[in-house]
Every structure is written in structure tokens, then in C-alpha cells.
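Take a look at the structure below.
The values are calculated or read from the model by the stated rules, or taken from the named source; none is laboratory data. These numbers were taken from a predicted model, which means no experiment stands behind them. Don't worry about glycine lacking a Cβ; one is built from the backbone with ideal geometry, like all the others, and counts go over all protein chains shown. The protein model used for the area step is the full one, side chains on, heavy atoms only, and it has no ligands, DNA or RNA in it. Shrake-Rupley method; radii C 1.70, N 1.55, O 1.52, S 1.80 Å.
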Amino acid sequence: MQATLTRIATGDQGTFGVLRIGSFDCWTAELPWRDNLRSLSCVPQGTYEVRPRYSAKYKRHLHVLDVPGRSVILIHCGNFAGDREQGYRTHSTGCILVGRQFGKLRPGESGPMQQAVLASRFAMSDLLRAAGNEPFTLTIQGVC
């Protein structure tokens, strides 16, 4: 099976795109591009093998394999993927977050709204179902 992640916007609040596998699609959020620095940057453009994985922290999720210069790149639940060094909130340390919608959330009790993906747990469940619990190939393209 083949999937494509097409990035459409990037900035200090994150890199956002659309992931499509078969007839299913969802929004994605990644960290901004920071020269592929571990835990600070989005995944480089390219084609990768993705396998289903389970951990106590993320439960059922996906593992993106063989990312140059990186390890343990996951596709998992979360909302924010902003640059911490610029004061934004993040749920990513270089991983890809998925959501059913793109929007804005307030990361705390006060402060400005931040761009985010929404309904992440639902999107992750839908993505796992679309992948059929099987490995697939993911091509990442577009702005970063």
C-alpha cells in the first residue's frame, strides 16, 4: 500500500499537511524544518517504509523507518507541533501528528491561540484502520 504526505504550510507554529492512504485522508502536524536536527525538525522529504507499532505511551501507532540521521520517528496522536525555542507548544519530538481537522487551540489557560490538528485520536484510529495494520510506503513531499 502507498501513502502520501503533502505539506502545504510551514512556520514557527508547525508544518502542516495532508496524509492520504487509499481513500482516507487526514491533516498532519510536524515541527518546522530545522536542518533535520533530532527532536527539533520535521522529517526530510523522501520515501519511507512505515510499520504498525505498539508502546505503552502511544498505544497503537505507526513507526517511520530509516529516516536519515534520525531514529524512532512515529506517527501518533497530538495537537501541537510548534517550535519550543520560539515559545510554542509541541506534542512532537520530530514525529508526525495526525488530526481530522486543522484549526487553532489555546495551549494553556491563557495566552494566544496556536495552530493545531484537531480530533487526533479519531484520526489515528481511522488511519490505522485505513492501513489495515499492514506496513506501507509513505512519500513525504511539499514545503518544509
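Taken along the Cα-to-beta-carbon direction at a fixed 7 Å, the label points for Tyr54 and Val143 span 4.0 nm. When Tyr48, Tyr54, Tyr88 are compared by accessible surface with a 1.4 Å probe, the order from highest to lowest is Tyr54, Tyr88, Tyr48. Calculate the length of the line joining the C-alpha centroid of region 1-28 to that of region 71-120, in whole Å. One Cα centre to the other: 14 Å.
Using 0.36 nm per residue and subtracting the Cα-Cα separation, the extra length available between Glu85 and Phe24 on full extension is 18.6 nm.
Dividing the convex hull volume of the alpha carbon atoms of region 14-80 by its residue count gives 103 Å³ per residue. Over the residues of the chain, the helix contribution to mean residue ellipticity at 222 nm works out to -2500 deg cm²/dmol, using -39500 (n - 2.57) for each DSSP H run of at least 4. The residues of the chain present an accessible area of 50 Å² per residue when probed at 1.4 Å with all protein chains retained. What residues from region 18-32 fall in the zone where the backbone N is under 19 Å from a label point 7 Å along the Cα-to-C-beta line of Arg129? Answer for region 18-32: 19-28. Ranking of Ser41, Ser55, Ser23, Ser110 by solvent-accessible surface, largest first: Ser23, Ser110, Ser55, Ser41 (1.4 Å probe, protein heavy atoms only, all chains present). Here the translational diffusion coefficient of the chain follows from Stokes-Einstein with Rh set to the Kirkwood radius across Cα pairs; for 10 °C and 1.306 mPa s it amounts to 107 µm²/s. When the chain is modelled as a GNM with alpha-carbon springs shorter than 10 Å, which of Arg89, Arg70, Arg20 fluctuates the most? Looking only at Arg89, Arg70, Arg20, the largest GNM fluctuation is found for Arg70. Largest first, the residues Glu49, Glu134, Glu85, Glu30 sort by 1.4 Å accessible area into Glu85, Glu134, Glu49, Glu30.
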